[in-house]
Amino acid sequence: MELKRSLNTFDSISVLFSSMVGSGIFFTSGYLIKETGNLWIVLFCWIVGGILALSGSITYAYAARLLPFAGGDYVYLKVAYSPAIAFMSGWSSLLTNFSACVSVLALAFGKYVQILFPELPVWESPTYTLLGLDLQVSSITFIGVLPILFFSTLNYFGIKSAVRVQNVFAVLKITGLLLFLALGFSIGNTNWSYLFNSPFPNLMELSFYSKVLIGIVPVSFSYLGWNMITYIAEEVKNPEKTIVRSAITACFLVAGLYFVINLLFVISAPIEELAGQDGIGAIAFQKLFGVNYSILTTSFIAWVILGSMSAILIGGSRVYFAMARDGVFLPSFSKVHPKWHSPYVSIFFQAFVAILFLFVKEIEALLYMITCSILILSCLTAATPFRFEKMGMKSDYKIPFYPLPIFLYIFANIAVMAILFIEKPVTAGWGLMITLIALPVYYGFRLDKKMAEAKK
C-alpha cells in the first residue's frame, strides 16, 4: 500500500516552518555567545546559517523534483550513488538526525515545564559515563517522554490529522513570535549599548573565522528542518511546484525571523547574563517585559517546542519506511495502516529511539553529535545534481546561480566538520561512529535477505 498525496502548499510550508522554528532559537544563542564571546559574531552566524539553509534547500529541491518519494536523502543517495551509502543516511536519520533532534526538543520542553510548575518534584540520578558521553535519568527525562508518545500516536492516525494539528501550532507560533518582536522593539526594556559595546570583530584574524565555524554548529541545529519537505514528498500534492515553492518560502521566512529575534535577544541583557544560558529566550523575555509575564512567555516557548517536535516526528518516520520498502531494513517498517495510511511501525520505533536519547545528560552534547552526523552525508546529497546530470536525469527546475549554492553548501559543511572535530572531538566522534556503524548493519541485512531467498 502506498502513501497518499494529501498536502497542499500551505500544509508544506507549515511543516517546514514548524520543523525549523523550534527550541533552538530559544537556547542555542546562549551557547553561541559563550563560544564566540562577541555579539556581532553571533548575529553574523545566524545570517550565515540562513544562507546555508537556503543554499541546501534550493539544491535539494532539484533531487526532490526528480524523485518525489518518501525518504529524502535516502532516496537521492540510493539513485545517485549506491544503496549502501543511502542506508548510511537512513541509519543516521534513525539514530541522530531525527530521533536525537526529537530528544533535544523533549528535554528542552521538560525544562520549561519545570519552570511553569515549580511544585513538580525535581530529581536526578547519578551521572554515568559511556565512551565519553554522560548519561543520566531525571524528572525531565520522564516529562520528555509524554510529548513524544502523544505526537507519535497522533501521527499514527494519518498525516492529514497530524498536519491539521501542525497548522494550528504554526499559525499560533508565527502570531506569537511576531507579537513578541513588535512588543519587544516598541515597549520592551531594550538597550542597544549591549550590542555596540561588543567590539566589532577583526575580519583579518583567523580566530574570527574559527569562531564563526564553531558557532555555525548550534545555528545549523536551529535551522534543521529546511529539507523536511523532501522526506514527505510522496504525500505532497503537485510536488513539481509545491516542493520548490514551499522550501524557498519557508527558508526566507525563518532566516529573517531568526535574525530579528536574535537582534532583540542581544539588546535585552548584558552579554555576561546571556553567555552559556540554555534558557536565553526566557531570560530575554523577563528582561524585556519583567517577571510578571514570565509564565506567559515560558508557556509560549514550550508551545513552540511542541510544534517543532510534531513536524520532525512526521518526517523522520518516512525514512525508515522507505528503507524497509526497499528491503534493506526490517520488513515490518514498510507496513502502512490500511485505514490511516500511516507507516505506523516506523512511527513508534522512532519514538522508542528518541526516548532512549533522553538519557543523555547534556543538550549541548546532543547538538554537536547530531550536527556532525548530518553534515557527513549531506555533502554527498548536495552533489547529487551533478550525478543526476551525468546519468541523463534532468529536471526542468534550474538551481538559482548554479553551481554556486552547491559548492557553498559543501564547502561550509566540510569546514564546520573540521572545526567540530578539533573543538569537540568526543561528541563529533560519536556522530561519526553512529554513521559508520551503518555499513556492517547494511551488509548484515543484505546477507540475511540473500540467505532467506536461497532457502526458498
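Brief remarks on what is shown
- Selection status of Leu66, within 23 Å of Leu408 (Cα to Cα) and either open to solvent by 20 Å² or more (accessible area, probe 1.4 Å) or among the basic types (Lys, Arg) (or both): yes
- Taken over the stretch 234-287, the criterion of being touching a Ser or Thr at 6+ places or on another chain (Cβ under 7 Å), closer than 20 Å to Met20 by Cα and open to solvent by 20 Å² or more (accessible area, probe 1.4 Å) is satisfied by Arg245, Ile248.
- Of the listed requirements (1) modelled with pLDDT under 90; (2) in contact with a Pro (Cβ under 9 Å, 6 or more places away or on another chain), Pro385 misses just one: (1).
- The residues of the stretch 205-217 that are surrounded by fewer than 24 Cβ atoms within 10 Å (Cβ to Cβ) and either in contact (Cβ under 8 Å) with a residue 40 or more places away in the chain or in contact with a Leu (Cβ under 6 Å, 6 or more places away or on another chain) (or both), listed by number, are Phe208, Ser210, Lys211, Val212, Leu213, Ile214.
- Residue within the stretch 113-121 that is more than 27 Å from Gly307 (Cβ to Cβ) and touching a residue at least 40 places away in the same chain (Cβ under 8 Å) present: no
- The one condition in (1) closer than 29 Å to Ile248 by Cβ; (2) buried (at least 16 other Cβ atoms within 10 Å of the Cβ) that Trp430 fails to fulfil: (1)
- Cβ-Cβ distances below 7 Å connect the following pairs, each with a first residue in the stretch 37-51 that is of a type in the set (Phe, Trp, Tyr), a second residue that is outside any helix (DSSP H, G or I), and a separation of six or more residues or different chains: Trp40/Ser198; Trp40/Phe200; Trp40/Pro201.
- Only one of Leu436, Leu377 that is closer than 23 Å to Val75 by Cβ, at pLDDT below 85 and surrounded by fewer than 16 Cβ atoms within 10 Å (Cβ to Cβ): Leu436
- Among the residues of the stretch 391-436, those that are outside any loop (DSSP other than H, G, I, E, B) and β-branched (Val, Ile, Thr) comprise Ile406, Ile410, Ile414, Val416, Ile419, Ile422, Val426, Thr427, Ile434, Thr435.
- Within the stretch 69-81, considering residues that are under 21 Å from the mean Cα position of the chain (by Cα) and of a type in the set (A, V, I, L, M, F, W, C), the one surrounded by the most Cβ atoms within 10 Å (Cβ to Cβ): Val75
- Residue in the stretch 392-399 that is within 30 Å of Val212 (Cβ to Cβ), of a type outside the set (Ser, Thr, Tyr) and surrounded by 13 or more Cβ atoms within 10 Å (Cβ to Cβ) present: yes
- 1 or more residues closer than 30 Å to Ala84 by Cβ, in contact with a Gly (Cβ under 6 Å, 6 or more places away or on another chain) and of a type in the set (S, T, N, Q): qualifying helices (runs of 4 or more DSSP H) within the stretch 252-363: 344-357
- Considering residues of the stretch 304-335 that are modelled with pLDDT under 85 and open to solvent by 50 Å² or more (accessible area, probe 1.4 Å) only, the residue farthest from Gln114 (Cα to Cα): Asp326
- For the stretch 1-44, filtered to residues that are of a type in the set (D, E, K, R) and in a helix (DSSP H, G or I), the residue that is most open to solvent (accessible area, probe 1.4 Å) is Lys34.
- Some residue of the stretch 119-133 being surrounded by fewer than 19 Cβ atoms within 10 Å (Cβ to Cβ), among the small types (Gly, Ala, Ser) and over 27 Å from the mean Cα position of the chain (by Cα): yes
- Candidate set: the stretch 187-204, residues that are in a helix (DSSP H, G or I) and open to solvent by less than 80 Å² (accessible area, probe 1.4 Å); chosen: the one farthest from Ala275 (Cα to Cα): Ser193
The values are calculated or read from the model by the stated rules, or taken from the named source; none is laboratory data. Predicted, not measured: the structure shown is a model, and the values here were computed from it. We place every Cβ from the backbone using ideal geometry, glycine too, and count neighbours over all the protein chains shown. Quick note on the areas: whole protein, heavy atoms, side chains included, nothing else; ligands and nucleic acids left out. Shrake-Rupley method; radii C 1.70, N 1.55, O 1.52, S 1.80 Å.
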